[in-house]
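First comes the structure, then the notes that go with it.
Just so it is clear, none of the values below were taken in a lab; they were calculated from the coordinates. It should be emphasised that the depicted structure is a prediction, and the values quoted were computed from it without experimental measurement. We place every Cβ from the backbone using ideal geometry, glycine too, and count neighbours over all the protein chains shown.
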Amino acid sequence: MGCRCARNFIAVGSGVHMFSVLLHVFGSLITVFGGSCFPGIFPLALSPAGLSILYDKYLFYPSKDLSPPRTISGVECQPLRFKLDNGNDITCRYFQRPEAKYLILVSHGNGGNMSNRGVIVEHLLKNTDCSVLLYDYEGYGQSDGEPSTKGILVDGLAVFDYAVDQLGFAPSKIILYGESLGCAVTCSVASKRTPLGIIFQSGFFSLPTAAKSLMPALKIMPGFVFPEPRLDNSKILIAEHPPLLILHGKNDKVIPFKHGSELFKRASEPKLFVPLENSGHNDIYFADAGLVDSSISEFVRGLENMP
């Protein structure tokens, strides 16, 4: 399809430059299907069904190379596995503090797998008294299946329910943490369940908005062209939601800072926005570690003290 270069838009660390991938996809569509040889295919490719296939093909960059479980900040890692309704297995890593009353459920970004998120686990364990649960979407790490925009939302909800039914945490004792693409999963789960709070790391407004900001020509395209789910975090956050903390780097070249600031403006209360002066997309725990640590610590402490 002329999209051989899409795999080159990889960010070292937490994920892929996913909106650069989207930009490449739309550009390739115009190049490949816009010519006179394929006049009938171009409308089909830009239909919701056509774009949905492209989202699923180029938005995700899973790795099957899962590093062994390890103890982090003195907390042992427990590998877990459970079956989805479709028969696929989802794999998780559970860092359990026996005395913990609260759980932080982490939905990671679109690249790699959960074993690449050790730094997130380390800082969450260091700055809170919570247990931490990570998982891999279908097609990531040792989880079965293939990832899709619809599937990751199903996966996130299933893991939340697993934490309630099997790990024994009430919904009101679970804090949702989303990293990049995982913010959309976090938002979706929060709209269907009743978690204690939400933490966004480098989140986006919506996929169509991100695509249009990178490719202005897409602004003339009607909204119905973009496939569902549109992963529209703004639409969910404008409604009633648990307390929200948004962390976003001002030097983020993957999901520009304006996504975080506009999300904060659109979101209803209660909410808190922490701009990170020195951070890009993947480096917030290095470039602004002190501010990130204190912000998460204070936010979680505030949630724990809520009546």
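The residue that is farthest from the chain's Cα centre (by Cα), among those in the range 152-182 that are among the charged types (D, E, K, R) and buried (at least 24 other Cβ atoms within 10 Å of the Cβ), is Asp155.
Residue-by-condition table, conditions (1) among the β-branched types (Val, Ile, Thr); (2) touching a residue at least 24 places away in the same chain (Cβ under 8 Å); (3) loosely packed, with under 14 Cβ neighbours inside 10 Å:
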site: Ile255; (1), (2), (3): yes, yes, no
site: Arg266; (1), (2), (3): no, yes, no
site: Glu269; (1), (2), (3): no, no, yes
site: Leu276; (1), (2), (3): no, yes, no
site: Ser279; (1), (2), (3): no, yes, no
site: Val292; (1), (2), (3): yes, yes, no
site: Ile296; (1), (2), (3): yes, yes, no
site: Leu303; (1), (2), (3): no, yes, no
site: Met306; (1), (2), (3): no, yes, yes
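Looking at the range 63-79 only, could you name the residues that are under 29 Å from Leu231 (Cα atoms) and either of a type in the set (Gly, Ala, Ser) or buried (at least 18 other Cβ atoms within 10 Å of the Cβ) (or both)? The answer is Ser63, Leu66.
Okay, residues lined up against (1) under 20 Å from the mean Cα position of the chain (by Cα); (2) assigned to a strand (DSSP E or B):
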{"position": "Val274", "(1), (2)": "yes, yes"}
{"position": "Asn278", "(1), (2)": "no, no"}
{"position": "Val292", "(1), (2)": "yes, no"}
{"position": "Glu298", "(1), (2)": "no, no"}
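Scanning the range 63-81 for any residue that is hydroxyl-bearing (Ser, Thr, Tyr), on the phi < 0 side of the Ramachandran plot and over 22 Å from the mean Cα position of the chain (by Cα) turns up at least one such residue.
Counting only residues that are of a type in the set (Gly, Ala, Ser) and within 27 Å of Ser191 (Cβ to Cβ), the range 268-288 holds 1 of them.
Kindly provide the set of residues from the range 106-162 that are touching a Pro at 6+ places or on another chain (Cβ under 7 Å) and acidic (Asp, Glu), ordered by number. If you could, list the steps in order and put the result at the bottom.
To start, the set of residues in the range 106-162 that are touching a Pro at 6+ places or on another chain (Cβ under 7 Å) comprises 113, 137-140, 147, 149-150, 153.
Across the range 106-162, the qualifying residue is only Glu138.
Leu134: outside any helix (DSSP H, G or I), closer than 28 Å to His241 by Cβ and touching a Lys or Arg at 6+ places or on another chain (Cβ under 6 Å), yes or no? When the stated conditions are applied, Leu134 passes them.
Confirm whether Leu245 is surrounded by 16 or more Cβ atoms within 10 Å (Cβ to Cβ) and within 16 Å of Thr186 (Cβ to Cβ). Give the steps one after another, and end with the answer.
Numbers: surrounded by 16 or more Cβ atoms within 10 Å (Cβ to Cβ): yes; within 16 Å of Thr186 (Cβ to Cβ): yes.
Taking the combined requirement at face value, the residue satisfies it.
Suppose the filter is of a type outside the set (Val, Ile, Thr), surrounded by fewer than 21 Cβ atoms within 10 Å (Cβ to Cβ) and within 21 Å of the chain's Cα centre (by Cα); does Leu103 pass it? The answer is no for Leu103.
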